[in-house]
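The values are calculated or read from the model by the stated rules, or taken from the named source; none is laboratory data. Model, not experiment: these values are computed from the prediction. So basically every Cβ, Gly included, is an ideal-geometry build from the backbone, and we count neighbours across all protein chains shown. Areas reflect the complete protein model, heavy atoms only, side chains present, ligands, DNA and RNA absent. Shrake-Rupley method; radii C 1.70, N 1.55, O 1.52, S 1.80 Å.
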Amino acid sequence: PERYVFAHNRARAAGSGFPSSLQLGLGQGLTEHEVAAIFGWSTGDYRVVNPIARGEDEVIFEDYPFLPTKLTKAKCRLSRDDVMPYVYILSSALSKLPPLGSTQRLWRGHRRNINVEVGSTIVLRGFTSVSRDRDN
């Protein structure tokens, strides 16, 4: 079956929160496609997007493409060409968001030290998330 990622993620963004994630994104100057990309990536699409954004040629994953009518898991395969439009829209969206302050401390992943000077720029391939709160 075909599943339209934009329509699915847009509907979910429109129905989340008050004001909705869609309204907040539009208020930041994002397009509906960009809001849907950020919402989708942050709620699970990262499993499909990140391998391609980090250089893989394809991604294989399991999903439930027949929901809500049928609870059947299927093995899915997407090529680089299938996923790159999502990567481009997500990149565009993130480039439009305001930057954090230069002194904002962010936390990522494991609680371990890395050998860089404070204030250094760290480049991670693809997309990654961070938290302002070490414990959350």
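Data table
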item	result
All positions within region 43-88 that are of a type in the set (S, T, N, Q), farther than 14 Å from residue 8 by Cβ and part of a helix (DSSP H, G or I)	50
So residue 95, is it farther than 17 Å from residue 50 by Cβ, assigned to a helix (DSSP H, G or I) and out of contact with any strand residue (DSSP E or B) (no Cβ under 6 Å at 6 or more places or on another chain)	yes
Members of region 47-94 found to be touching a Phe, Trp or Tyr at 6+ places or on another chain (Cβ under 7 Å), among the hydrophobic types (A, V, I, L, M, F, W, C) and buried (at least 16 other Cβ atoms within 10 Å of the Cβ), listed by number	48, 49, 53, 90
Any hit, region 95-104, residues being surrounded by 11 or more Cβ atoms within 10 Å (Cβ to Cβ), within 30 Å of residue 60 (Cα to Cα) and at pLDDT 90 or above	no
Total residues in region 1-44, condition open to solvent by less than 30 Å² (accessible area, probe 1.4 Å) and of a type in the set (D, E, K, R)	1
Identity of the residue in region 107-136, part of a loop (DSSP other than H, G, I, E, B) and open to solvent by less than 70 Å² (accessible area, probe 1.4 Å), that ends up farthest from residue 36 (Cα to Cα)	120
